Every structure is written in structure tokens, then in C-alpha cells.
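The values are calculated or read from the model by the stated rules, or taken from the named source; none is laboratory data. Quick caveat: nothing in here was measured; it's all calculated off a predicted structure. FYI the Cβ positions are ideal-geometry reconstructions off the backbone, even for glycines, and counts take in every protein chain you see.
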Amino acid sequence: EILMSESQERMMAVVAPDRLDDFMAVIDTWDVEAAVIGEVNDSGRLTIDHFGQRIVDVDPRTVAHEGPAYERPYARPSWQDELNADSSARLDRPATAAELAEQVLAVVTSPNQASPAWITDQYDRFVRGNTALAQPDDAGVVRVDEATGRGIAIATDANGRFTKLDPAAGAAAALAESYRNVCTVGARPVAVTDCLNVGSPEDPDAMWQLVEIITGLADACRVMGVPVTGGNVSLYNSHGRAKGLPDSSINPTPVVGVLGVMDDVRRANPSGWFEEGLAILALGTTRDELDGSAWTRTIHDHLGGLPPRVDLEAEAALGRVLLALSEVDGPDGERLVRAAHDMSTGGLIQSLVDSVLRHGVGASVDLAQLQSRDGVDDFAALLSESGARALVAVPEWAVAAVAAAAEAEDVAWARLGTTGGDMLVVSGTDLLAEGAEAGSSAGGPLVLDLAELRRGVEGTLPALF
């Protein structure tokens with residue numbers, strides 16, 4: 001039981017003998033049980049004794065390097081091509097400003113996009129008092145050294161819908177989103193952990209998904225320069241081939257966690273703005289990428305096509321911009337970045353809604369500059385889920401600094417608007433343009449009252465449960 005049990009919340013440490021007392025002092029500080037169980041030697045053997053009886057004496061390579069390897073058959077599913085051909089391009093898009101507003105509200109108040117506070121607020125996420133940021137911010141930030149303020153940031157992300165459409169790209173996208181979230185709060189990504197959730201590896205379709213996920217994640221980690229330091233799998237999430245169903249597995253869902261380090265957690269960037277009069281800027285390029293999106297799920301109950309393109313070089317460049325800006329102060333010692341939030345599931349409109357509701361400060365947004373640069377209409381500008389994008393809110397005097405940092409890394413940027421008021425007002429170039437004609441209704445800005453918006457977003461889960 002001691003050797004083979006898989007009890008959780010355990011680890012092993014190899015400690016220099018002259019530092020053992022220091023190590024145990026840290027252990028005692030946190031009321032953790034610990035025991036010295038052995039020592040490193042030059043025998044080349046792993047030996048384990050139990051009450052004076054030698055029960056293990058092996059070459060360590062037989063355990064660490066020569067264990068059994070699964071060689072299960074796998075193949076691209078016969079239904080994959082049909083799934084990828086079923087693009088969201090065939091779905092009806094909103095034809096009027098009123099339809100767009102209705103669909104935006106449906107997306108941001110859907111169970112997957114609405115506030116999880118009803119669940120997360122039941123947990124004391126400030127235990128021991130060293131939490132600097134917690135949900136709903138982009139990453140959790142914890143102080144680990146009170147003297148210096150040094151700390152860590154952790155984010156986990158997953159998108160089973162993207163991974164169903166393209167397992168390798170979905171795994172890479174999960175890594176990219178977690179990496180982006182860690183950079184958004186101002187931490188430098190250094191390590192990755194994962195939990196790979198798929199169907200039965202005895203099913204060649206699910207085994208193919210697992211192989212693609214592992215390959216996609218490994219390749220992406222090499223590009224991003226962050227190693228996988230540990231992780232696990234959850235297999236057999238399937239009830240077999242049910243009659244009439246081509247696939248009875250869960251959507252393959254790699255959950256990817258990224259850990260980052262910060263020199264001072266007091267500089268962590270919140271995801272929502274506190275102040276009025278800040279400039280809101282979008283970093284990154286928006287493309288018309290709606291396949292697998294929250295919009296297709298919420299409005300059309302549809303899954304098909306190809307996920308947004310994963311550009312890891314663009315993700316790394318965006319990360320460098322966010323980290324550089326997070327380290328800058330103004331002439332009076334003011335922080336340059338007052339808020340930062342990634343764009344992911346739900347697109348730009350989800351990020352805007354999250355940001356205005358975080359502290360109840362509204363915003364006036366004009367999509368024209370972003371649309372002129374990226375060539376997208378109001379609908380795609382708000383709901384596309386292109387990667388490598390983020391929002392930042394900065395004082396007016398800092399706009400030039402953001403532009404310079406973005407241009408230095410060849411990251412596109414656009415001025416979106418200004419914080420303030422108790423409304424989120426979004427105008428654009430077609431459906432949301434003043435007086436625009438679309439279908440049978442005149443266009444006009446999207447106007448969301450923050451109080452009503454909060455009731456909708458925060459009321460979804462309590463109403464369901």
C-alpha cells in the first residue's frame with residue numbers, strides 16, 4: 001500500500017543534507033507531514049527495505065525507462081472530414097442591430113459564459129491571506145514571499161469544442177490561452193501541467209484524438225518555451241459505440257495549466273477597470289473565426305468546421321508586449337496598465353462584459369478602428385474567437401507607450417474607447433452604426449445597462465441550480 005497507493009496531495013523532495021533543517025522548518029510552517037525515507041547513493045540500484053526486510057532491489061531504469069508502452073491502433077475518425085466540412089458559415093447571422101443585441105445577451109448569459117460566482121464564492125479563495133488575485137481575474141496570483149512580494153500566477157484553460165474539431169490545434173489553443181492569461185496579469189510563464197480527458201483508448205477514434213492532443217501540446221510547448229512538468233489523463237470517458245451514434249465519447253478536452261512567476265504580486269493586473277477616463281485598447285488581430293464558438297453553441301446548438309488558427313509566434317509576441325507594459329510606471333510612479341483581460345471564448349464582447357462588471361465601471365466603445373484594420377463586420381468583431389488577443393486599459397498618457405510596445409513586436413493594436421458611466425455602449429460600422437439600414441430595421445449602437453447586465457450574468461447559475 002505504501003509503494004503503490006495513489007493517494008493525492010503528496011510529493012517527494014530530494015534535499016541536500018546540510019539544508020534538511022531549513023527544509024523541515026518550511027514544512028512545519030505549513031503543518032505538512034513529512035518523513036526522511038532514504039538517501040541518494042552511488043550503487044546504481046534502487047533498494048527499499050521494510051522493517052529490516054529488503055523488498056525491492058532493482059535497476060532504476062526498469063522502472064523509469066523500460067516500463068510497458070501502449071501500442072494501441074488508432075486512425076482518423078471516418079466522421080472527422082464531415083464534421084470539419086460543416087462550417088458555421090451556413091448558419092444565419094444577425095441581420096439587424098436588434099438581433100445582434102439579442103444574440104449577444106444570449107451568449108454572455110448562457111451557462112458556459114455567465115458568472116461562476118455562485119459556485120466560486122462558496123470557497124474561501126483568500127485563505128491564509130496571500131491571494132493577490134482570484135477568479136474572476138484571468139489568473140490566480142498568490143504571494144509566496146512576504147518580504148519581497150514575489151509570487152506565482154496560475155491559469156488553467158480548456159476548449160473541448162475546438163479540440164473535437166482539431167485535437168492537435170485544440171490542445172495548442174488551450175496552452176496558448178493559459179499562457180496568455182498568465183501574461184495578462186503580468187507574470188512570466190515558466191511551466192505547464194495538464195489533464196488530458198478523452199474517450200476509450202480501445203476505440204481507434206479516441207486513441208487518435210489522444211495521440212493528436214499529446215503531439216499538438218508537445219509541439220506547442222517547444223515553440224512557447226515552457227516545459228510540461230507533470231500532469232495526468234482521464235480515459236474511458238465513453239459509453240461505447242451506442243447504436244446509431246458515430247461517436248459516444250466526450251469531446252476530447254485537454255485542460256492545460258500554466259504557472260508563471262512575478263517579482264511583486266502588488267503589480268498584478270486585474271481583469272476589470274476601476275477608473276473612469278481610461279483608454280481601452282485591443283491588442284492582436286481579429287479574423288472572422290466563428291467555428292466552434294460560444295455563439296454557434298448558444299444560438300444554433302452547432303459544432304462543426306475548423307477552430308480558430310493557432311499562431312504561437314503571435315501568442316509569444318503578445319505575451320512579451322503584456323509583460324513589458326506591466327513593468328512600466330508613469331512619470332509620477334503610476335502604474336501604466338490599470339486592467340488587462342484576454343479575449344477567448346465569447347470573443348471581444350465577452351471580454352468587455354467581464355471588464356465592465358468587474359468593478360461596475362462602464363465603457364463607450366467604437367469598433368471602427370479595429371474593423372478598418374482587420375476587415376471584419378460588427379458581428380465578427382464582437383463574437384469571433386481568434387486567439388492571441390487581449391484588452392488593456394491605460395491612462396490617456398500611456399496610449400503612445402502601448403502603441404510603441406505593440407509595434408516593436410509586430411502586434412496589431414487599435415483604440416476601442418474610454419471607460420466610464422454605468423452603461424456599456426458599443427458602436428460599429430454596419431449593424432451598430434447610427435441610422436444604418438440592415439434588413440428592415442435601422443441600426444444603432446449596442447447599449448447595455450450595467451445593472452440589468454449584472455442581473456442577467458450573475459443570475460444564470462442560481463436560477464439553474
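Against the condition charged (D, E, K, R), under 28 Å from Ala268 (Cα atoms) and within 23 Å of the chain's Cα centre (by Cα), how does Arg415 come out, does it pass? Give the derivation first.
On the way: charged (D, E, K, R): yes; under 28 Å from Ala268 (Cα atoms): yes; within 23 Å of the chain's Cα centre (by Cα): no.
Taking the combined requirement at face value, the residue does not satisfy it.
Conditions tested, residue by residue: (1) assigned by TED's automatic domain parsing to the domain that holds Ser364; (2) closer than 30 Å to Leu325 by Cα; (3) modelled with pLDDT under 95.
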{"residue": "Leu391", "(1), (2), (3)": "yes, yes, no"}
{"residue": "Ala408", "(1), (2), (3)": "yes, yes, no"}
{"residue": "Ala414", "(1), (2), (3)": "yes, yes, no"}
{"residue": "Asp422", "(1), (2), (3)": "yes, yes, no"}
{"residue": "Ser427", "(1), (2), (3)": "yes, yes, no"}
{"residue": "Gly439", "(1), (2), (3)": "yes, no, yes"}
{"residue": "Gly456", "(1), (2), (3)": "yes, no, no"}
{"residue": "Gly459", "(1), (2), (3)": "yes, no, no"}
Any residue in the stretch 343-358 that is within 19 Å of Asp157 (Cα to Cα) sitting within a Cβ distance under 6 Å of a residue that is acidic (Asp, Glu) and part of a helix (DSSP H, G or I)? List the pairs, counting only those 6 or more apart or interchain. Ser344/Glu177
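Looking at Val32, Val14, can you tell me which residue is among the β-branched types (Val, Ile, Thr) and under 24 Å from His65 (Cβ atoms)? Reasoning before the result, please.
Working: Val32 fails: under 24 Å from His65 (Cβ atoms).
Answer to the check: Val14.
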Just wondering, is there one or more residues in the stretch 3-10 that are in contact (Cβ under 8 Å) with a residue 24 or more places away in the chain and loosely packed, with under 10 Cβ neighbours inside 10 Å? yes
Filter the stretch 11-58 down to the residues that are of a type in the set (D, E, K, R), in contact (Cβ under 8 Å) with a residue 12 or more places away in the chain and either in contact with a Ser or Thr (Cβ under 8 Å, 6 or more places away or on another chain) or within 27 Å of Arg128 (Cα to Cα) (or both) and list them by number. Asp57
Number of the exception - Ala242 against (1) of a type in the set (A, V, I, L, M, F, W, C); (2) at pLDDT 95 or above; (3) exposed (fewer than 15 other Cβ atoms within 10 Å of the Cβ): (2)
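Looking at Arg45, Arg61, Arg93, Arg54 in this structure, which one is of a type in the set (Lys, Arg) and assigned by TED's automatic domain parsing to the domain that holds Ser249? I'd like the intermediate steps shown before the answer.
Numbers: Arg45 fails: assigned by TED's automatic domain parsing to the domain that holds Ser249; Arg61 fails: assigned by TED's automatic domain parsing to the domain that holds Ser249; Arg54 fails: assigned by TED's automatic domain parsing to the domain that holds Ser249.
Exactly one of Arg45, Arg61, Arg93, Arg54 is of a type in the set (Lys, Arg) and assigned by TED's automatic domain parsing to the domain that holds Ser249, namely Arg93.
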If you go through the stretch 131-163 one residue at a time, how many are under 20 Å from Ser355 (Cα atoms) and of a type in the set (D, E, K, R)? 3
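Looking only at the stretch 209-231, which residues are out of contact with any Pro (no Cβ under 7 Å at 6 or more places or on another chain) and within 15 Å of Ala174 (Cβ to Cβ)?
Within the stretch 209-231, Ile214, Thr215, Ala218, Asp219, Ala220, Val223, Met224, Val228, Gly231 meet the criteria.
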